[in-house]
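> Got a structure here, written out as structure tokens. Questions coming.
No lab work stands behind these numbers, since they all come straight from the coordinates. This structure is a prediction, so every number in the text was calculated from the model and none was measured. Reconstructed Cβ throughout: ideal geometry from the backbone, glycine too, with neighbour counts over all protein chains shown.
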Amino acid sequence: SKPIVAVVGRPNVGKSTLFNQIGKKRVSIVDDMPGVTRDRIYMDAEWLNHEFTIIDTGGIEFDESDHILRSMRSQAELAMEEADVILFLVDGRAGLTASDEEVGRLLRRTNKPVILAVNKIDSFERESLIYDFYALGLGDPIPISASNAMNLGDLLDAVVAAF
Ligand code: GDP
Ligand code: MG
């Protein structure tokens, strides 16, 4: 079956925006699986002839999801169990937060590939915002702008290279 890519990250970092852009890009939507909340959660996608299923774990309502950190732990655990590649999305404008560090610690324990993308890098002048995220110990952060679709090709290249 197809590789599964799980998108993990704090609320408001841009997971749903990224998800919708991936659906719009030449990544064709092959089929939609039923989602459980108002956000679409599962999507079949394709990039450079690699087919995969992408999951927006932020759209999944966990028990006690009112507690952000607990909910993020559940996201990360689900991703570590179910996914073949984990896409960890952080917010370059907000900078590195304590919950990013907590999730980073969890994700460092998995032997699955983790791709770290720094969102809201809306122009090349802002690329220096990625440097703080090296501290997560998850490799080179990839700058993207989900709303402008900037660098999404590079991000998807990195994702499919990890299959
Ligand atoms: P989610 O909670 O992680 O799913 O985040 P959303 O996709 O709902 O986005 C949260 C907010 O960030 C929304 O107001 C988006 O418009 C905004 N946003 C998402 N991507 C970008 C981006 O690349 N640049 C900027 N400036 N804002 C963004
Ligand atoms: Mg969302």
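> Take the alpha carbon gyration tensor of the chain, find the square roots of its eigenvalues, order them as a ≥ b ≥ c, and report rounded if a/c is under 1.5; if not, report prolate when a/b exceeds b/c, else oblate.
Note, shape of the chain comes out rounded.
> Still on this structure, please answer the following. What is the count of Lys pairs in the chain whose alpha carbons sit under 23 Å apart, if the two are 8 or more places apart or on different chains?
Qualifying lysine pairs in the chain: 10.
> Would you mind classifying region 109-153 by shape? Square roots of the alpha carbon gyration tensor eigenvalues, ordered a ≥ b ≥ c; an a/c under 1.5 is rounded, otherwise it is prolate if a/b is larger than b/c and oblate if not.
Here region 109-153 falls in the oblate category.
> For the residue pair Lys2 and Asp140, what label-to-label distance in nm results when each label sits 7 Å from Cα along the Cα-to-beta-carbon direction?
About 2.8 nm separates the two model spin labels.
> At what distance in nm do the modelled label points of Leu78 and Asp157 sit from each other, each positioned 7 Å from its Cα along Cα→Cβ?
3.1 nm
> Once you have a ≥ b ≥ c as the square roots of the Cα gyration tensor eigenvalues for region 78-163, tell me rounded if a/c is under 1.5, and otherwise prolate or oblate according to whether a/b is larger than b/c.
oblate
> Among Ala76, Leu18, Phe52, whose Cα sits farthest toward the positive end of the charge dipole of the chain (+1 at Cβ of Lys/Arg, -1 at Cβ of Asp/Glu, about the Cα centre)?
Leu18
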